[in-house]
Amino acid sequence: MPHSIRPMLATLSEGVINNEQYLYEVKWDGYRITAYVQKNKVRLESRGGLNYTSRYPLLVKALKALNRNMVLDGEVVVFDASGKPRFNLVQLYNEHDTPIHYFVFDILYLNGYDLKKLPLTTRKTILQELVKDNDLIKLSDSFDDGEALYQLMKEKEWEGIIAKRKDSAYIENDRSYLWLKFPVKKLDEFVIGGWAESDKARSFRSILFGAYDKGKLIWLGRSGGGFKEKEMPGILKQLKAREIENSPFVNKVLDTKGAVIHWVKPELVANFEYAEMTESGRIRKPATWKGFREDKDPKDVIIPVVKTLNETASAEVAKVSPASTKTAKKKKPGKRQRPAQKKQPYLNKDSGWEKVDKEQAGASWQPFDMPHCTIPVHNLERELWEGVPKGKLLIYYSQMAGYILPYLKDRPQSLNLKLTHAGGPRIFIKDMENRQPDCADIYTDQRRVKKAGKRTQIDYLVCNNLETLIYLVNLGCVDVNVWASRTSHIEEPDYIWLDLDPTIETALKKEALLKAETNGFEKAIEVAIAAKKLLDKRKLTGFIKTSGKTGLHIYIPCSGIHFQQARALAYKLADEIHEQVPDISTRQESVSNRGDKVYIDAGQNDYADTLAAPYSIRPYHQPLVSTPLQWKEVKKGLDRYAFTMDSISARLLKKGDLWKELQHQPIITANNKALQQTGK
């Protein structure tokens with residue numbers, strides 16, 4: 001039975017057309033949950049790998065009653081009083097009084113059989129028989145007429161539909177055209193407040209729009225599509241006739257992507273089509289232009305949402321159960337404020353938190369409501385790189401959480417903070433000193449080397465959920481650096497690390513520096529090829545990724561050995577690799593003795609050593625991603641600049657997570673011959 005599954009995903013699509021090769025389902029507005037049931041034990045896991053078992057005791061009981069060993073995929077849904085599924089009601093779920101359902105749409109494993117390779121229709125038949133007549137666990141019905149189902153979803157104002165190939169196997173973490181999603185689009189009028197210049201031949205790049213709330217114009221989103229080329233000059237003419245010096249919006253405009261922005265008097269109203277609006281009051285993705293509305297007074301255009309998240313949710317929960325409103329009233333409003341509002345004591349002398357508090361002083365904060373706790377964020381507009389604000393970095397890690405969290409789970413980490421910009425001075429923090437959010441995990445260790453003024457214990461942060469990841473990035477972590485071992489076996493690493501680090505003279509001028517980095521990366525590729533030959537010779541498996549800077553990282557899975565043994569083996573492997581390519585590599589630890597060679601660094605294999613996790617963005621010249629590679633990609637011409645925060649999603653759609661098997665391959669063990677050859 002699989003211990004963990006990465007759910008199959010659907011590709012965003014438009015224009016529902018009936019196709020006999022597909023079946024159609026409701027796109028539920030809830031939490032995607034995978035259920036693992038084995039020997040009367042149940043685990044409910046979110047798409048991002050978070051454990052939700054304790055949140056849904058009624059579903060756990062219902063799953064146990066099915067009396068099967070199985071893995072199910074589905075959506076946890078809560079309906080409001082009108083019978084509409086509401087995501088925010090799932091967030092506020094009251095286990096005693098709130099009605100809840102688990103709509104299952106796939107079964108991946110049953111009583112010793114892996115079902116993933118069976119056709120979808122066969123899996124559906126098995127699933128239907130399994131959950132029939134169950135009050136809480138419902139089959140997500142399939143329909144042949146997708147067009148009719150989509151129209152019904154529009155009438156009901158539900159989220160949309162999913163189309164799935166009838167013969168499709170269940171491919172983990174795959175986002176292809178086997179599964180398609182068609183969200184229901186909304187059409188509303190908004191007030192135009194500006195436009196972004198285009199760096200191409202177009203008249204403009206996008207239009208910025210908003211709506212009024214209590215007499216103030218709030219920026220909500222932007223639109224860069226739907227315009228006919230022949231109409232754009234006329235639209236631009238109308239915008240220029242109303243150009244003003246300052247923004248008419250009272251809030252900060254985000255996602256400008258470095259474009260030059262022009263502001264206009266809020267006199268023009270236009271229709272825009274969009275998928276959804278977030279609970280924080282923003283259009284989630286760029287909207288589509290549908291034309292001017294000359295019959296509308298701008299002052300009559302108000303934000304098309306019903307109150308705030310908490311107000312709406314409380315009212316709807318009250319309709320379902322009076323008891324749940326009492327629970328809501330017990331929540332203190334201070335929970336939404338910045339947790340560090342009160343001055344906290346520093347538990348260590350010369351604490352790094354002093355600089356963090358100084359950076360945060362006077363900042364404007366926004367509460368980010370999440371399932372496990374509220375994470376306040378601040379200074380979202382601050383540029384980490386030119387044209388790349390901190391808010392974009394938060395969005396990146398939020399979108400990548402499903403990929404990166406498995407590599408962080410149960411691993412302590414040290415924080416590498418950049419409080420000004422990506423290339424600015426760094427602050428290392430190991431001890432959290434009681435600063436972690438309520439929903440974060442901590443690993444408490446005794447300080448190995450006693451220091452005057454420092455605590456005898458260190459509370460390391462462990463990032464096991466999206467909330468903690470958002471907290472880290474907001475705090476100032478551009479990359480996430482974790483241990484090689486987990487809290488369950490803290491003295492035994494899961495991998496041996498080799499860091500192929502080109503030696504670059506940082507004092508060079510820009511053009512010379514870039515050339516030196518390119519040459520250094522090419523040498524690192526040659527050294528990596530030599531490393532692969534040695535690993536193959538020793539019958540060892542290595543996983544390789546870009547460092548996100550100028551080098552490459554190699555992970556060699558291991559199990560049941562201590563850090564001393566891992567370090568010894570790493571040094572032996574590094575020495576043997578160097579012997580294969582002595583002209584371009586070095587084992588000299590001193591930078592001054594390396595020349596322009598690639599340093600094969602085996603020294604990061606001690607207890608509490610860290611390395612940038614896969615899919616971390618590195619704080620360097622540009623926001624490059626530390627990206628897993630196929631060994632066949634490691635050859636002359638590999639472009640490290642191809643792995644950016646903007647391009648990584650397309651790569652993952654095409655190739656998936658190339659390292660997903662890393663966690664399941666302990667190649668080197670205490671009895672392994674390769675280990676014994678290291679000597680002591």
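Near LYS265, which aspartates and glutamates are there with a Cα under 14 Å away, not counting those fewer than 8 places off in the same chain?
By straight Cα distance, LYS265 reaches GLU243, GLU245, ASP297.
Give the Cα extents of the chain along the principal axes, in whole Å, largest first.
Sorted from largest, the Cα extents of the chain read 79, 67, 55 Å.
Starting from the Cα of LYS290, draw a straight line to each of the aspartates and glutamates and keep only those under 13 Å, dropping any in the same chain fewer than 8 residues away.
Output for LYS290: ASP188, GLU189, GLU231, GLU273.
Check each of the GluC sites (Glu not before Pro) in the stretch 385-473 and keep only those in coil by DSSP with at most 14 other C-beta atoms within 10 angstrom; list them in order. Intermediate results must be reported in sequence, preceding the final value.
Values: sites: GLU386, GLU433, GLU467; in loops: GLU386, GLU433.
In loop regions of the stretch 385-473 (DSSP not H, G, I, E or B), the sparsely surrounded GluC sites (Glu not before Pro) are GLU386.
Using the alpha-carbon atoms, what tilt in degrees (0 to 90, nearest 10) does helix 510-537 show relative to the longest principal axis of the chain?
70
What is the dipole size for the stretch 186-300, taken about its Cα centre, with +1 at each Lys and Arg Cβ and -1 at each Asp and Glu Cβ, in debye to the nearest 20? Before the final figure, lay out each step's value.
Numbers: 22 positive and 18 negative charges, 56 e Å.
For this selection, approximately 260 debye.
How high is the FRET efficiency between SER82 and HIS621 when r is their beta carbon distance and R₀ equals 60 Å, given to the nearest 0.05? Working shown, then result.
On the way: r = 53 Å, r/R0 = 0.89.
In this case the efficiency is close to 0.65.
Cross-link list LYS430/LYS545; LYS539/LYS635; LYS138/LYS392: which exceed 30 angstrom alpha carbon to alpha carbon? Numbers along the way, then the final one.
On the way: LYS430/LYS545 25 Å; LYS539/LYS635 21 Å; LYS138/LYS392 38 Å.
Where the Cα-Cα span goes over 30 Å, the pairs concerned are LYS138/LYS392.
Exceeding 18 Å between C-alpha atoms, which entries from my cross-link table qualify? They are LYS200/LYS390; LYS532/LYS654; LYS214/LYS299; LYS355/LYS409.
Values: LYS200/LYS390 26 Å; LYS532/LYS654 24 Å; LYS214/LYS299 10 Å; LYS355/LYS409 28 Å.
Beyond 18 Å between Cα atoms: LYS200/LYS390; LYS532/LYS654; LYS355/LYS409.
What is the distance, in nm, between label points placed 7 Å from the Cα along the Cα-to-Cβ direction at ASP646 and at GLU294?
Each label point is offset 7 Å from its Cα along the Cβ direction, giving 3.7 nm.
Say each of GLU589 and THR121 gets a label point 7 Å from the Cα, pointing the same way as Cα to Cβ; how far apart are those two points in nm?
6.6
For the chain, give the magnitude of the charge dipole about the Cα centre (Cβ charges: +1 Lys/Arg, -1 Asp/Glu; no others), in debye to the nearest 20. Please report the intermediate quantities before stating the final value.
Values: 107 positive and 87 negative charges, 219 e Å.
With only Lys, Arg, Asp and Glu charged at Cβ, the dipole is about 1060 debye.
From Cα pairs below 8 angstrom and at least 6 apart in sequence, can you work out the relative contact order of the stretch 186-300, rounded to a whole percent? Can you show the working numbers first?
On the way: 247 pairs, mean separation 38.3, N = 115.
RCO, the stretch 186-300: 33 percent.
Identify, among HIS262, HIS489, ALA528, the residue whose Cα sits farthest towards the positive end of the charge dipole of the chain, taking +1 on the Cβ of Lys and Arg and -1 on the Cβ of Asp and Glu, with the dipole about the Cα centre.
After comparing all options, I get HIS489.
If you take every residue apart from TRP263 with its C-beta less than 14 Å away from the C-beta of TRP263, what net charge results, scoring Lys and Arg +1 and Asp and Glu -1?
In short, +1.
Under 13 Å from a point placed 7 Å out from the Cα of LEU66 along the Cα-to-Cβ direction: which residues of the stretch 14-37 have their backbone N that close?
Counting backbone N atoms under 13 Å from the label point, the list is 33-37.
Pick out, in residue order, every one of the GluC sites (Glu not before Pro) in the stretch 198-273 that is DSSP loop and has at most 11 other C-beta atoms within 10 Å; say none if there are none. Intermediate results must be reported in sequence, preceding the final value.
Values: sites: GLU229, GLU231, GLU243, GLU245, GLU267, GLU273; in loops: GLU229, GLU231, GLU245, GLU267.
Here the GluC sites (Glu not before Pro) that fit, given the DSSP loop and packing criteria, are GLU229, GLU245.
How large, in Å, is the stretch 336-482 by the Kirkwood hydrodynamic radius built from its alpha-carbon pairs? Walk me through the numbers on the way to the answer.
Values: mean 1/r = 0.0632 Å⁻¹.
Over the stretch 336-482, the inverse of the mean reciprocal pair distance is 15.8 Å.
Which of the lysines could a cross-linker span from LYS116 if the Cα-Cα distance has to be under 18 Å and same-chain partners fewer than 8 positions apart are dropped?
Qualifying lysines at Cα under 18 Å: LYS124, LYS164, LYS166, LYS660.
Counting helices only, and only those DSSP H runs with n ≥ 4, report the 222 nm mean residue ellipticity of the chain as the sum of -39,500 (n - 2.57) divided by its residues, in deg cm²/dmol to the nearest 500. Before the final figure, lay out the partial values.
On the way: 14 runs with 162 residues, N = 680.
Only helices count here, giving -7500 deg cm²/dmol.
Express in nm, to one decimal, how much length is gained between GLU522 and THR420 on full extension, taking 0.36 nm for each residue of separation and deducting their alpha carbon distance.
33.6 nm
In the stretch 186-300, if every C-alpha pair distance is counted and binned at 5 Å from zero, what percent goes to each bin?
2, 12, 24, 28, 22, 9, 2, 0
Restricting attention to the chain, give the cysteines that have no other cysteine Cβ less than 4.7 angstrom from their Cβ.
Within the chain, the cysteines lacking a partner Cβ under 4.7 Å are CYS463, CYS477, CYS558.
Between the stretch 495-511 and the stretch 157-189, what's the alpha-carbon centroid distance in Å?
43
Along Cα→Cβ, 7 Å out, is where each label goes; now give me the distance between the ones at THR541 and GLU491 in nm to one decimal.
2.7
Could you pull the Rg and Dmax for the stretch 480-617, using just the Cα atoms, both in Å?
Just the Cα atoms of the stretch 480-617 yield Rg and Dmax of 15.0, 47 Å.
5 Å is the cut-off here: which amide hydrogens, built 1.01 Å from N in the peptide plane, fall below it relative to ARG205, excluding neighbours closer than 5 in sequence?
Those lying under 5 Å, H to H, from ARG205 are ALA196, GLU197, SER198.
Where a number appears in this text, it was derived from the coordinates with a stated rule and is not lab data. From a predicted model like this one, the values you see are computed outputs, not experimental measurements. So basically every Cβ, Gly included, is an ideal-geometry build from the backbone, and we count neighbours across all protein chains shown.
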